[in-house]
Amino acid sequence: MRLPRSLSCLVLAIGLALPSTAQASAPAPLGGGSVLQSSAATRCTAGFAAVSGNTGYLIASSACGKPGDTIRSAGRVVGVVVGAQTPPTGAIVIRVTNTTDWRLVGSIPPTAPRVTITGSVEAPVGASVCRYGATTGWHCGTIQAKNVSITFPDGTLTGLTRTSVCAEPGDNGGPFVSGTQAQGVLIGGSGNCSSGGSTYFVPVNRILSAYGLTILAGA
């Protein structure tokens, strides 16, 4: 049966107006401050986004995973932890393999309100420094000492920076900034954000140099 001309045009117009169900969603922003989870169900915070050529990476604490671990965020694969440095620095680097779901950004946290990273110039002792963690958000203090050595159950780490900034579980791996300059990633501390405490970070320039990476700057 043939439809009347007016009804045929109406059916065509309705069909053209229907939204496409095959349209893909845009990749979500991923960077410093993003919540990460390893295959061992360890929850931590990403430190900074970095690049080498066309490949993107995330820098985090070694508590976030070990070489070969698959790292996820919000239930979606982010990438894989690449080989660790010897001697250990207390940090890991995650190669981002899932560029369909994620888009690396140079801001902390990845969504507003945020701090846009412009570089990684090292701040001196006494300078103001702020840390972002997935558990406690932003907290600030000062840089108290550099080239500090701390003994952990897995061994001794050297070249650390001590700060007066507090932290709590889940903040591990999170970024320290001074203004808009990347400083380092949280690897341990004492106390909490109710009574106060101190924290230690691995200088980010040390990690960038070890892995041949460049900090990702800009939003």
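So, counting K/R as plus one and D/E as minus one, what does the shell of residues with Cβ under 15 Å around T70 add up to?
Details: positive: R43, K66, R72, R76, R95; negative: D69, D101.
Computed value for this residue: +3.
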In percent, what relative contact order does the chain have, based on Cα pairs under 8 Å that are 6 or more apart in sequence?
21
Cβ-based net charge around A26, under 12 Å, with every Lys or Arg adding one and every Asp or Glu removing one
0
For the chain, set up a GNM with springs between Cα atoms under 10 Å and report which of T89, T151, T45 has the largest fluctuation.
T151
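Using only the Cα atoms of the stretch 57-146, build the gyration tensor, take square roots of its eigenvalues as a ≥ b ≥ c, and label the shape rounded, prolate or oblate: rounded if a/c is under 1.5, else prolate if a/b is larger than b/c, else oblate. Provide the component values of the computation, followed by the final result.
Numbers: a/c = 2.12, a/b = 1.34, b/c = 1.58.
Oblate.
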Among W102, S164, Q37, pick out the residue whose Cα is farthest towards the positive end of the charge dipole of the chain, where Lys and Arg carry +1 and Asp and Glu carry -1 on C-beta, about the Cα centre.
W102
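Decide, for the chain, between rounded, prolate and oblate: order the square roots of the alpha carbon gyration tensor eigenvalues as a ≥ b ≥ c, take rounded if a/c falls under 1.5, and otherwise choose prolate if a/b is larger than b/c, else oblate.
Details: a/c = 2.73, a/b = 2.37, b/c = 1.15.
It comes out prolate by the Cα gyration axes.
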Rounded to the nearest percent, how much of the accessible area of the stretch 97-219 (1.4 Å probe, protein heavy atoms only) is carbon and sulfur?
51
Between 0 and 90 degrees, rounded to the nearest ten: what's the tilt of helix 5-17 against the longest Cα principal axis of the chain?
0
Phi-based couplings in Hz for the stretch 116-124 (Karplus 6.51, -1.76, 1.60; Gly and Pro marked x):
8, 6, 10, x, 9, 5, 6, 7, x
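The values are calculated or read from the model by the stated rules, or taken from the named source; none is laboratory data. Since this is a predicted model, take the numbers as computed values, not measurements. Positions of Cβ are generated from backbone atoms using ideal geometry, with glycine treated the same way; all protein chains shown enter the neighbour counts. For the accessible areas, the whole protein counts, side chains as well, though only heavy atoms, and no ligand, DNA or RNA atoms are used. Shrake-Rupley method; radii C 1.70, N 1.55, O 1.52, S 1.80 Å.
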